[in-house]
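These notes are about the structure you will find just below.
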Amino acid sequence: MLRTYLLRIFLFCLNFYLYFASSSANTTVTTTSATTTILTQNKLTTRSSIPKNLKESYEEYEGNSDRDLFFDTFKVYDDDGSIEKGIRKLDTSFENTDKLESNEELKPKTNSTEIKTLKIPVFLPSSSESFLLPSAEDESIDRSDNISANHNDEDESIIFEDSELNNRSPNISGTLVTKLIPEILKYNGRMVMPTSEEQLLEDQNKGAANESNNVVQKLSSLRKVRQDSSPESTDLSVSYYAHNLSRLENIFDIYNPYRLLEIWEDNNELERMTSLCRSQMETFLIALKHGEVWAIKMWDASGHYSGGYFWGNQYWMGSRTLCREIAEEHPDLPFNVEFSIARTNLTVKLHSVRKHGQSQFVGICLPYVCNKQDVHIMVEQSMITSDAEDDREAEVIKIKSHYDYYYMVQDKTFWLVIFSSVLVFILLFVGTMLDLSMEKKKFCRNGCRKNYKYDNYTYAVNPPLQSYTDNVKVDVEECITECRSASSGAVTPTSDTEDSKYGLWQEILLSFSIARNLRQICDSTIGADTIPIIHGLRSISMGWVILGHTCIVAFKYSDNMDFRKVVERELLFQTINNTAFTVDTFFFISGLLVSFLYFRTMAKVNVNKITKTTGFLSHCIEFIGLLGYRFCRLTVPYIYALGLVEISMKWFYYNSVFDPPADDHLNCPNYWWRNLLYINTLFPVKDMCMLWSWYLADDTQFYILGIVLLILAVRHFRAASISVAILLVVSWCTTGYIAYLNNHMPNIDDPLALFDKIYDKPWTRFGPYLIGMIVGWMLFKTDCKISMKKPVVIFGWTLCTIAMLSLVYGLYKTQLDSVTAAAYSSLSHTAWAVGLSWIVIACTTGHGGCVNRLLSSKLLIPFSRTTYCAYLIHPIIIRWVVMRRDSPVHLAEETIAIMFLGQLVASYILAFVLSLTFEAPIVSLLKIISPTKRNKLQ
């Protein structure tokens, strides 16, 4: 008996010595795989005691690199897939080891519970004592008996899953488990489990020493494999793995009322809040603690991390609608609530992940009395006191509060827009009534109706001489001032004698007749001497523009912005990425019409008779007349659109949960005069009002230079031709130099990346306009009659198709050096215009075939006539649809397609209204004040 006790004492001392020797010498840490029996709704106990100093030994193992090899391979899960719950449950068993009796037998329970036997890899010192868990072979324990689990939450069980094998362990009968060392303790709320290649314990009857030897051998073999495949992995620190397994919910937790509840009494910063807001927040937090429904809804209406941070989700908005509906659903609400938005700058500091300066927008449902400073303090303190503060850098940038709400009725611009709208509506009503009354009288008198047509919609190739001699300036201008627009409301009666029967005031009122303007816009009559493909080119190009702008806005206000990286890998996305060529189409059309119609008019009309002077003065009067007509016709609907932009952007900035895409709420009140003078592209883009108006500025500047060149060409054609060539070359060289200097890669960079240097500057976009002028002169010289043999036609269409498709899709997955990229940026826009030149020449001279039939379709004519107003109004509609939402868009190919079709229809409907009310009437008024017409009316 004595020898037995002495032997036991000796073995105890030996085990005690080996344990501390291995700890102090930082002995090799090894892994083993054991079968652990884990039960639902029970506590976990062991036969062998867990040392109470288990946690104290953690620091001695902290620098061990062997453990680092397996830190990120195994994860801990609960039944519902939650890592954190599983961690807490296992960790609780270690926190309460002092409650376990040494060598306490597992006692059977009366209630039976399903036993889950799972394979758990654990760390072991080379020398360590073991404890046993129950197994099927243990006859003293009935597997159907209950075994108590040492965790507080009794509803769920812990499951350990091998993340490499990606499967859960099957039921295994094994019971010997070596003592767990501190590596599986919780690191700041995170659990990391080591890797095991296979189950190391195959027989529970083997001794702990043999198991340790096997573990050492397995670990050495595994270490060698891991070092061969990833040699740098052995240099990683413990903190890397600990950070790498942080809960994203903690890292991205910006506003949390439960955390505010914990610090509410002890945080001095919260004392700076206004007394009323603090009082109502206390009421809210207490109600939230006690589970009041209205308080839970307030928390639910606020924004939370919802996934997709690394997929471009910057908007955790919650629901402003739900926040405002709480008062309706709960009449007993102790205070009014309102929605605020916090813009924060969040940087993740996980070792392998760096997201520098990404803005996060978080919606917060709070008491109405809380102002911007109150919201700022609460959000800031909620972020600072977060458990994951070491894993991120966060700061509050801006608070958008309901106290900054914008009321349109307090804005003078709003009343100017309302006044002009009411005035035009009255004129439309009176003019329409007058027109219907006069038409009725005329019909009753002779049964005939006057026939009107849009002069500038005709684009006449060879109209009667009388139409030019009677009103030279108007007819020329109505064609050559086609900017991007299709329409002007010019009304030219077929009989000037009959027109003279109407007085001046009657003509002014009839200019606003809805019936007359409606017939003109919808008239699909195409004369024999016209260029009808212009309608098709502008209609299709306008649709392309709307598609590009829809995608730009949708990408910006989506919860998966990086979805763009997916669609950019598709060939068809190049159609959207190269939308800039549509603008070149409009420049080409504008230059074509200016040149062609000017030369045709000058061939039939003596301008000196109209200006009543000769020489340089006559040319100056001609230039002023043409420029003045263009300014008046384009500016009236333009300035009305500017008013709409200013009001809507102010509303978006102050009232929307999103920030507007541009600073029009500031730029339009300050720099609207630049738009009216068409010089806004000569200033930085950050100061530009109505960003898409850059085209109007460039086209007007091109028009001014084009008129000068055309006037010069009438008397000095060679000098004008040399000037065109010089301007074309200078534009190429300037664009190429700027692109090379800024290392612009058109196959990689965003098309708008150099907006302020290349995209909107007139000296980089002049090429297509000049090509259009050249084509216009060619059509004039040949009288639109060019004979070509069939092989030439086939070759021309083939070359044109290849060139234009190459410009749109040719850069797909290509690599360009800096010189080639600069050359492409310089010449691509002009090359696009050259391709359009063939289309216009071939279709106009009878070699267009099915392309001519498509572009000349009568269905496209009304859309072409409202293109100018559609260009002015469509970005407002696109922004309005998105900015009125209280949640971001989720991008998908179908979503973008549906959005585009809706924007296309809505844009043309409103463009149709704008054209009827502003564009068509102003052109009719300009015809009235023309010299010839004014004399007849007098």
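When segment 649-666 is examined, which residues are found to be in a helix (DSSP H, G or I), open to solvent by less than 10 Å² (accessible area, probe 1.4 Å) and not hydrophobic (A, V, I, L, M, F, W, C)? Within segment 649-666, N655, D664 meet the criteria.
Within segment 725-740, residues that are closer than 13 Å to R765 by Cβ and of a type in the set (V, I, T) reach partners that are open to solvent by 80 Å² or more (accessible area, probe 1.4 Å) and in a helix (DSSP H, G or I) with beta carbons closer than 7 Å, at six or more positions or on different chains, in the pairs T734/W763; I738/K757. Taking (1) touching a helix residue (DSSP H, G or I) at 6+ places or on another chain (Cβ under 6 Å); (2) β-branched (V, I, T); (3) open to solvent by 30 Å² or more (accessible area, probe 1.4 Å) in turn, V337 satisfies each apart from (3). For F586, are the conditions met, namely being modelled with pLDDT of 90 or more, in a helix (DSSP H, G or I) and within 17 Å of the chain's Cα centre (by Cα)? For F586, the condition - modelled with pLDDT of 90 or more, in a helix (DSSP H, G or I) and within 17 Å of the chain's Cα centre (by Cα) - is not met. Evaluate the following for S306: is it within 19 Å of D387 (Cα to Cα), open to solvent by 10 Å² or more (accessible area, probe 1.4 Å) and at pLDDT below 95? Yes: the conditions hold for S306.
Taking segment 751-866 and the helices (runs of 4 or more DSSP H) fully enclosed by it, the elements with 3 or more residues that are more than 30 Å from I526 (Cα to Cα) are at 790-809, 818-844. Has segment 760-777 got at least one residue that is touching a helix residue (DSSP H, G or I) at 6+ places or on another chain (Cβ under 8 Å) and under 25 Å from R564 (Cβ atoms)? Yes: segment 760-777 contains one or more residues that are touching a helix residue (DSSP H, G or I) at 6+ places or on another chain (Cβ under 8 Å) and under 25 Å from R564 (Cβ atoms).
Here V567, V553, V545 are screened, and the one residue that is in a helix (DSSP H, G or I), at pLDDT 90 or above and surrounded by fewer than 23 Cβ atoms within 10 Å (Cβ to Cβ) is V553.
Condition check: closer than 28 Å to P768 by Cβ, assigned to a helix (DSSP H, G or I) and open to solvent by 20 Å² or more (accessible area, probe 1.4 Å). Does T575 satisfy that?
In short, yes.
For segment 854-882, which residues satisfy the criterion of being in contact with a Pro (Cβ under 7 Å, 6 or more places away or on another chain) and more than 13 Å from I546 (Cα to Cα)? Within segment 854-882, just S856 meets the criteria. Taking segment 366-399 only, how many residues are in a strand (DSSP E or B) and more than 15 Å from N345 (Cβ to Cβ)? Counting residues in segment 366-399 that are in a strand (DSSP E or B) and more than 15 Å from N345 (Cβ to Cβ) gives 2.
Taking segment 400-416 as the range and being in contact (Cβ under 8 Å) with a residue 60 or more places away in the chain, open to solvent by 60 Å² or more (accessible area, probe 1.4 Å) and within 20 Å of P660 (Cα to Cα) as the test, only Y405 passes. Scanning segment 866-879 for residues that are closer than 22 Å to M317 by Cβ and in contact with a Phe, Trp or Tyr (Cβ under 8 Å, 6 or more places away or on another chain) yields a single hit, R879.
Scanning segment 663-681 for residues that are free of Cβ contacts under 8 Å to residues at least 60 places away in the same chain and over 19 Å from V636 (Cβ atoms) yields D663, D664, H665, L666, N667, N670, Y671. Within segment 604-630, the set of residues being in contact (Cβ under 8 Å) with a residue 24 or more places away in the chain and either part of a helix (DSSP H, G or I) or open to solvent by less than 30 Å² (accessible area, probe 1.4 Å) (or both) comprises V605, V607, I610, H619, E622, F623, G625, L626, L627, Y629, R630.
For every residue, the table says whether it meets (1) among the aliphatic types (A, V, I, L, M); (2) within 30 Å of I876 (Cβ to Cβ); (3) surrounded by 21 or more Cβ atoms within 10 Å (Cβ to Cβ); (4) in contact with a His (Cβ under 6 Å, 6 or more places away or on another chain).
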| position | (1), (2), (3), (4) |
| --- | --- |
| L696 | yes, yes, yes, no |
| L710 | yes, no, yes, no |
| A720 | yes, no, no, no |
| A725 | yes, no, no, no |
| V730 | yes, no, no, no |
| T734 | no, no, no, no |
| M745 | yes, no, no, no |
| K757 | no, yes, no, no |
| R765 | no, yes, yes, no |
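Taking segment 647-678 as the range and being closer than 22 Å to T867 by Cα and of a type outside the set (S, T, Y) as the test, the residues that pass are N675, L676, L677. Filtered by the rule that a residue be within 32 Å of the chain's Cα centre (by Cα), over 22 Å from G625 (Cα atoms) and hydrophobic (A, V, I, L, M, F, W, C), segment 694-731 gives a lone residue, W694. Selection of segment 782-801 for residues being free of Cβ contacts under 8 Å to residues at least 24 places away in the same chain and surrounded by 11 or more Cβ atoms within 10 Å (Cβ to Cβ) yields V792, I794, F795, T801.
As a summary of the residue check, L276 satisfies the conditions (1) touching a helix residue (DSSP H, G or I) at 6+ places or on another chain (Cβ under 8 Å); (2) surrounded by fewer than 17 Cβ atoms within 10 Å (Cβ to Cβ) except for the one numbered (1).
The values are calculated or read from the model by the stated rules, or taken from the named source; none is laboratory data. Computed from a predicted structure; not experimentally measured. So basically every Cβ, Gly included, is an ideal-geometry build from the backbone, and we count neighbours across all protein chains shown. In case anyone asks, the SASA skips ligands and DNA or RNA and just uses the protein heavy atoms, side chains included. Shrake-Rupley method; radii C 1.70, N 1.55, O 1.52, S 1.80 Å.
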